Amino acid sequence: MVFVDGENLVARYQDMIRDGFIPRDDMFHDRDVTVWHPSFTQLAQFHEILRVTYYTYVVGDDDRVRAIQEAIRKLTFVKHRALPLPDSVTPCVFKKDSRSRKAKGVDIQICVDVLSHVYRHNVDAVLLLSGDGDYEPLIDEVLRNGVQVFLSAFSKGLHPRLRDKVDALYELDGTTWQARPETPP
């Protein structure tokens with residue numbers, strides 16, 4: 001299964017745009033809420049992906065929450081072409097009071113969901129899309145239970161200790177940006 005920390009990905013993506021990175025034309029981005037490209041799951045494409053769940057926050061009324069849920073349901077992911085399973089993304093959208101208030105609901109729900117599936121032996125591998133170092137204890141626990149952990153994240157904001165914790169790491173930069181900012185000589 002794939003677990004996407006949308007809040008983390010959006011923050012890093014928007015940081016990189018401010019730094020001068022130019023996104024590909026086919027990126028899906030809803031400011032402060034969602035960023036996606038079907039290739040984000042390519043690290044797990046040779047596994048049978050049962051579900052991709054996208055966790056995020058939205059500021060707004062119930063209609064805005066429903067609109068974001070519907071937009072996420074329309075997103076697709078790269079899967080093994082021989083598998084008949086659906087390729088739509090499952091939304092897990094939390095309502096937040098204001099943009100400025102930091103919330104932990106996404107992180108906590110991801111931890112609960114990952115551990116629930118691991119302890120029930122529903123998965124043999126987990127792909128986590130986030131560079132947040134707060135997930136280090138979660139990764140340790142999943143690995144202790146004999147489950148492979150793959151990580152995909154943007155290079156900016158990727159916690160350095162996560163690189164050596166996981167079975168495989170894929171930086172999303174290569175499939176996200178059509179141009180990087182010029183570096184001065």
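Give, rounded to the nearest 20 debye, the magnitude of the charge dipole that the chain has about its Cα centre when Lys and Arg contribute +1 at Cβ and Asp and Glu contribute -1 at Cβ. Don't skip to the answer; put the middle values down first.
Working: 24 positive and 28 negative charges, 36 e Å.
Charge dipole of the chain: 180 debye, to the nearest 20.
Nearest 5 percent is fine: what portion of the DSSP beta bridges confined to the stretch 2-178 is antiparallel?
Values: 5 of 28 bridges.
Around 20 percent of the beta bridges assigned by DSSP in the stretch 2-178 are antiparallel ones.
Run the reach check for residue 104 against lysines, Cα to Cα strictly under 19 Å, same-chain hits fewer than 8 apart removed. What comes back?
Straight-line reach from residue 104, under 19 Å: 95, 96.
When you take every Cα atom in the chain, what is the radius of gyration, and what is Dmax, the widest Cα pair distance, in Å?
Considering the chain through its Cα atoms, Rg and Dmax are 16.0, 54 Å.
Please arrange 39, 88 by how many other C-beta atoms lie within 10 Å of their C-beta, fewest to most. The partial results should precede the final answer.
Values: 39 18, 88 14.
Ordered by Cβ neighbours within 10 Å, fewest first: 88, 39.
What nm distance separates the two modelled labels at residue 62 and residue 167, each placed 7 Å from Cα along Cα→Cβ?
So the two model labels end up 4.2 nm from each other.
Can you sort 3, 28 by how many other beta carbons sit within 10 Å, fewest first?
Working: 3 23, 28 14.
Exposure proxy ranking, most exposed first: 28, 3.
For the chain, what is the relative contact order in percent, using Cα pairs closer than 8 Å and at least 6 residues apart in sequence?
Normalised by residue count, the contact order of the chain is 27 percent.
Only the coordinates and a few stated rules stand behind these numbers; no lab work does. From a predicted model like this one, the values you see are computed outputs, not experimental measurements. Positions of Cβ are generated from backbone atoms using ideal geometry, with glycine treated the same way; all protein chains shown enter the neighbour counts.
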